[in-house]
Amino acid sequence: MSRTYPPSSTLRQRFRPLLWLGIVFLAIAFVTRVVLLVMSGAEVPHTPGNLLYAFGVGLGYDLITFIYVAWPMVLFLWLVPTRTGRMHGLRRWLLCAAALVLTCALCLVVLHLMYHATLRTTWPAILPFLFVLPLTAFTYTSRAGQWVLYGFALLLLYGLLFVAASELVFWNEFSVRFNFIAVDYLVYTTEVIGNIRESYPIDRWLALLVVGALVLFAISRRGLRARDDGSRFWQRGKVALLWLVLTIISVAAVNGGMKDRTGNNYVNELAGNGIYQFFNAFRSSHLDYAKFYRTLPEDEAFRRVREMLKTPDATYVSDDPRDLTRAIRHAGPERHLNVVLISVESLSGDYLATFGNKEGITPYLDSLVGQSMFFDNLYANGTRTVRGLEALSLSVPPTPGDSLLKEKHNENLFSLADIFNDRGYQSDFVYGGYGEFDNMNQFFGSNGYRTVDRRDIPKSATIHSENVWGVADEDMYTLALGQMDQIHAAGKPFFLHIMTTSNHRPYTFPEGRVKQAEHTRAGAVAYTDWSIGDFIKRARAKPYFNDTVFVITADHCASSAGKTSVPVNRYHIPLWIYAPAHIKPQRVERLTSQIDIAPTLLGLLDFSYRSRFFGYDVFQLEPGRERAFPATYEKLGYLHNDVLTVLEPGRKLEQMKPDYVTGDGAAITPQNEEQIAQTIAYYQVASDLFKRGKLVRRPDDALPVQPLTPPTVTAPAAAASSGRR
């Protein structure tokens, strides 16, 4: 038999379905890229260069991705026996099953050791082993084997179509291929699946995908004939070994950032492959700064940061060159006013008429501008809720990979709540959904806050509307008012950090509140505006209203997409500090970072305290020193003096002059080396301090700091103080 059918011929017969899978995969990837190009509209000029790059480089990534995607088929074609053989079928299957279980366990252990990944995120790695488990229970060329091959191929085909459809939905929401957000979605399947079901006609779409898979299968099934005239296990093993070598080479030689060579981020994203980008993001979820980014000598990095954190109101408490602890002094006495900090889901500055919006969807918030201290040029740290919460509670630049909210060993960090708690406040984090999402309850509960979420709503309370993310904002504000009432009745001042949910897809809210339609972003923004106005109105009737400061801002913008890797217009968020009896209305036009909100608020209250915050009280900062930290999970931005510096993995960086309206950027030549050093120092030190456990709260952080007496207030500080209240 081997003479009549040489090994090369039998292997071609056996592995013909692999060719079928490759053609199908590349066709689906090509069509997906075309559809995404259409969805991009005018963001991608249809020039020969852009199209050639997107589809040429894209084909390269598709081929690399196929190496990974094809592994289930490779294993299938390798392991299914050609004939029954001498070993009894059940015994053979049990032996293979034991080997697979051990291999799967080893794979999960390796993923945990390499990426600190838990079973909650690595469970998809088990699926290939479940596919392989029954393969030795039948023979390849039998009737049963042919039908199993058909079923297996149909399942793979449906999976590829499902991923393609998911990419279109993801692009519609974020204008990028799968990234770290998609990785997060694996962990919080309840909220994510619920959000998809409430936002899209998912059952209809799944049915259409079934029909599409059946049609494509019927057209192409001739490529799936199960033929094998005598291949042996060891012969087929050569193909599997070759596939393993190709996999190792591709992992070592290719990464997700290699495609990012054009000045248009949409083109770069189109040149990628969603499946590849997903696993690339998974690998990047725990980026060690020192390993992947540019660094300075440690002594220089800390020296620079200590110098940059100096302000007239701050004095370092020690000469330790790596200790950032400063005594912040204001002219006393402190004003222990109540504070309500509202971080609004996805409240982009673009939605405000104050910034030129013509839709009229934020009438209350626009009216509040003239009654508040309003910040015109505030920029968020990131594009996810966790980044906003991190910036507001810890006042630190974003670290690469996961937010500190979701990192291990994130307990007892020096937080805004600690400063309030030292003064007898009750600090609550209030959320209208379940606080397990994004690890919020664990983080806030371990860092000075009492957590209050959906479970704390009384069963007798009226819920006007709810979805998978939580109750309607008005019902969440009712919960918050109840907490405020209780704390006030106990004779304590309160600090509440409230996180809203209604301005999030599927954009549902109670009827009759606004004229805009439900299930639209405009409607959700309008309802967000209405509910804040209703909350302030109800709070105004409370005995503690005159002694309460309302701080209203956003966690991040509604969209993060742009032509550059860090489009600054997608980080512009508003900030109101509203306290009619205590804060004089004014417009603050200075560049402000999200991490500056906490120290600026404490300055307005005249608090004197110890601090390791990276943020400034902007009213104590000399002109020209303002900066912001717009970033993604792997691209770390530093905005200063109209120059944006972006650090990237692979020790790469780019520097540009940003357009604050369009988000575009013009490359700067030659680069500003001083600003590059500042950028590196900030991010390197912040990452290093967390990694070494130096961002934690210390016992001496609660020591009283003597306030300044009026005669010793410096002239710049006095001028700032007189103009801000």
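All of the numbers you see were taken from the coordinates with simple rules; none came from a lab. Nothing here was measured: the structure is a model prediction, and the numbers come from that model. Quick reminder, even Gly has a Cβ in these numbers, built from the backbone with ideal geometry, and neighbours come from all protein chains shown.
Here are several values of Cα extents along the principal axes in Å: (i) 90, 69, 46; (ii) 80, 51, 42; (iii) 103, 59, 53. Which one was derived from the coordinates shown?
Label (iii) holds the value from this structure.
Straight-line reach from Lys563: which aspartates and glutamates have Cα under 15 Å away, leaving out those fewer than 8 places along the same chain?
Once the sequence-local aspartates and glutamates are set aside, what remains near Lys563 is Glu43, Asp260, Glu269, Glu654, Asp659, Asp664.
Compute the Cα gyration tensor for region 459-615, then decide on rounded, prolate or oblate, letting a ≥ b ≥ c be the square roots of its eigenvalues: rounded whenever a/c is under 1.5, prolate when a/b is larger than b/c in the other cases, and oblate in all that remain.
Oblate.
Let me spell out the model: positive unit charges on the Cβ of Lys and Arg, negative unit charges on the Cβ of Asp and Glu, origin at the Cα centre of region 333-428. What dipole size does that give, in debye rounded to 20?
Value, rounded to 20: 60 debye.
About the Cα centre, and with charges only on the beta carbon of Lys, Arg (+1) and Asp, Glu (-1), how big is the dipole of the chain? Nearest 20 debye, please.
Charge dipole of the chain: 3260 debye, to the nearest 20.
Which of the DSSP-defined H helices in the chain satisfy a minimum axial length of 20 Å, computed from C-alpha atoms, and a minimum mean Kyte-Doolittle hydropathy of -0.5?
The answer, listed by residue number, is 16-40, 48-69, 89-115, 143-174, 202-220, 233-253, 473-489, 521-540, 673-691.
Would you give the gap between the C-alpha center of region 111-152 and the C-alpha center of region 624-661, rounded to a whole Å?
Using only Cα atoms, the two centres lie 43 Å from each other.
Once you have the Cα-Cα distance between Ala98 and Val251, take 0.36 nm times their residue separation minus that, and quote the gain in nm to one decimal.
Going from the current span to full extension adds 52.3 nm.
Kindly write out, for region 693-708 in residue order, the coupling ³J(HN,Hα) from the Karplus curve 6.51 cos²θ - 1.76 cosθ + 1.60 (θ = phi - 60°), rounded to whole Hz, with x marking Gly and Pro.
Calculated HN-Hα couplings, in order: x, 9, 8, 6, 6, 10, x, 7, 5, 8, 4, x, 10, 5, x, 6 Hz.
Amide H to amide H, which residues 5 or more places from Ala631 or on other chains are under 5 Å from it, using H placed in the peptide plane?
Residues meeting the criterion, in which the H sits 1.01 Å from N, are Gly382, Gly637.
Going down the table (Lys310/Lys652; Lys310/Lys492; Lys291/Lys694; Lys406/Lys515; Lys238/Lys259), which pairs top 27 Å between alpha carbons?
Listed pairs above 27 Å: Lys310/Lys652; Lys310/Lys492; Lys406/Lys515; Lys238/Lys259.
Counting pairs of Cα atoms in region 360-475, how many percent are more than 25 Å apart?
That fraction is 38 percent.
Counting only helical runs of four or more DSSP H residues, what would the 222 nm mean residue ellipticity of the chain come to if each run contributes -39,500 (n - 2.57) and the total is spread over all its residues?
My calculation for the chain gives -14500 deg cm²/dmol from helical runs alone.
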